[in-house]
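So the structure is just underneath, and the comments pick up after that.
The values are calculated or read from the model by the stated rules, or taken from the named source; none is laboratory data. Just so it is clear, the model here is predicted, and its values are computed rather than measured. We place every Cβ from the backbone using ideal geometry, glycine too, and count neighbours over all the protein chains shown.
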Amino acid sequence: AVEHGSLNIVKLLLARPECDVDIVDNNGQTAISIATNKNRKNILVELYAKINELKRPYS
């Protein structure tokens with residue numbers, strides 16, 4: 001989804017509880033590295049928002 005710039009699909013995937021933003025593809029790249037290389041700024045915003053959400057302490 002990141003590779004093809006599919007923001008809506010990225011959002012759907014990020015909403016799933018089992019989503020792992022640190023997983024790598026067959027080339028060893030994460031979604032963040034792919035989005036950076038493809039200059040997909042809108043997707044980077046979503047990826048970093050998910051990372052920040054995961055780092056928040058539980059209340």
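How do the pairs read when you match residues in segment 1-22 that are under 18 Å from Asn37 (Cβ atoms) with residues anywhere that are surrounded by fewer than 14 Cβ atoms within 10 Å (Cβ to Cβ) and at pLDDT below 95, using Cβ under 9 Å and keeping only pairs 6 or more apart or on different chains?
From residues that are under 18 Å from Asn37 (Cβ atoms), the pairs are Val21/Ile51; Val21/Leu54; Asp22/Ile51.
Identify, please: which residue in segment 23-59 is touching a residue at least 12 places away in the same chain (Cβ under 8 Å) and among the basic types (Lys, Arg) and is, among those, surrounded by the fewest Cβ atoms within 10 Å (Cβ to Cβ)?
Once the filter is applied, the top-ranked residue is Lys38.
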